[in-house]
Amino acid sequence: MTTTPDTLLEIDGLAVSYGRRGAVRGTARRTRVLTGVELDVRAGEIVGVIGETGSGKTTLARAAVGLVRPDAGAVRFGGRELTGLDRRALRAFRRSGQVQYMFQDPLRSQDPDLTVRRIVAEPLTVAGFLTRQERAARADEALALVGLEADRFGDRVPAQLSGGQRQRVSLARAIVTRPRLLFSDEPVSALDASNRNLVLALLDRLRRELGLSIVVISHDLSSLAGIADRVAVLYRGRLVEQGPIGDVLQHPRHPYTALLTASAPSVRGEHRLLPAQLRAPGDREPWPDGTGCVFAARCRFADDTCRTEPEAVRAAERTVACHHAATWRERIN
């Protein structure tokens, strides 16, 4: 990973696992969720993190904001190491509001008994460094930034809002602390087309007006294509490809990325491949589980070379982890 002077977030070799202690004392049953993930986010840019369910997208975001302790690797924000902080220092950093997390489901993350104004002001209440009047004024300011009139919506409760309005309330709560970095987890997955476009355009406008860096977690390439500067592709906890979103969509270098774009006609680029040209043949001998490349079992181009895990290779702005990144296209029938 190559950092630049404007790099805000650095994730280096991140590994995370979940699980519990086994029945026999001293044993552990852990499931590895992320392995060796490297990612950087620069000031004022939108980075998309794409992958199917279970790829580790949300875990990556939660680890980056300190909600999950990694097994290995480092997370640095503004040059400050976060993974080494003790609980008190980490709690103080999170309360500072420099990094905020916008949860996927506003219905579950918003208290149904609180008014919109109090929901938006919650992070300021937790931080405890403003008066009640100052918190209310900041909440009204945040609501105005997301296109909700405080006089009209401030005294409502979540049940009195539409889905798009609730999502904008979540966004207002996330920016009320005036953060430098925002993680937005599936911000439009539950919205209709008009509200999806509204929320995506709002994220793009806020990053420009506030100088905000945003990481958008999504399983939908089309929701990232219009706003993201760069995209990182996760598969089973490994980062298999990343780079400028236009380059990645138009010229995918990893077979999994190509399969994602081939399955989404709205973003399919010049390669014009079809999913059937990329999927492994049904009569192929099953790939040994846990051997080599994590995508090999589904990859049409996997061979004995893929029995060792590929290293991520970086060239200019692109990174890809595939033994056949330069040759798999030549093998398409």
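The values are calculated or read from the model by the stated rules, or taken from the named source; none is laboratory data. As the structure is a prediction and not an experimental result, all values here were calculated from the model. Backbone-built Cβ (ideal geometry, glycine too); neighbour counts: all protein chains shown. The accessibility values were calculated without ligands, DNA or RNA, using every heavy atom of the protein model including side chains. Shrake-Rupley method; radii C 1.70, N 1.55, O 1.52, S 1.80 Å.
So what is the relative contact order of the chain, in percent, for Cα pairs below 8 Å that sit 6 or more residues apart?
The normalised contact order for the chain reaches 18 percent.
Residue separation times 0.36 nm, minus the C-alpha to C-alpha distance between ASP111 and ASP155: what's the value?
14.5 nm
Please state, rounded to one decimal and in Å, the Kirkwood hydrodynamic radius that region 189-303 gives when every pair of distinct Cα atoms enters the mean of 1/r. Before the final figure, lay out each step's value.
Values: mean 1/r = 0.0632 Å⁻¹.
The answer is 15.8 Å.
Magnitude of the Cβ-charge dipole of region 178-333, K/R +1 and D/E -1, about the Cα centre, nearest 20 debye? Numbers along the way, then the final one.
On the way: 21 positive and 19 negative charges, 57 e Å.
Dipole magnitude for region 178-333 comes out near 280 debye.
Can you tell me the order of 306-316, 101-111, 52-62 when each peptide is scored by its average per-residue count of other Cβ atoms within 10 angstrom, highest first?
Per-residue mean Cβ counts within 10 Å order the peptides as 52-62, 101-111, 306-316.
Go through the cysteines of the chain and tell me which have no other cysteine Cβ under 4.7 Å away.
So far as the 4.7 Å Cβ criterion goes, CYS299, CYS322 stand without a partner in the chain.
Specify which labelled value, from [x] 56, 46, 38; [y] 66, 52, 42; [z] 89, 38, 36, agrees with Cα extents along the principal axes in Å derived from the coordinates of the model shown.
Label of the calculated value: [y].
Subtract the Cα-Cα distance of ARG132 and ARG331 from 0.36 nm times their separation in residues, and report this length gain in nm to one decimal.
Value of the extension gain: 65.1 nm.
Can you find, among ALA174, SER222, ALA193, the residue sitting farthest towards the positive end of the charge dipole of region 103-262, where Lys and Arg contribute +1 and Asp and Glu -1 at Cβ?
The residue sitting most towards the positive pole is ALA174.
How many Å² of accessible area per residue for the chain, probe 1.4 Å?
Value returned for the chain: 48 Å² of accessible area per residue.
Work out the length of the dipole vector of the chain about its Cα centre, built from +1 on the beta-carbon of each Lys and Arg and -1 on the beta-carbon of each Asp and Glu, and round it to the nearest 20 debye.
It comes to approximately 940 debye.
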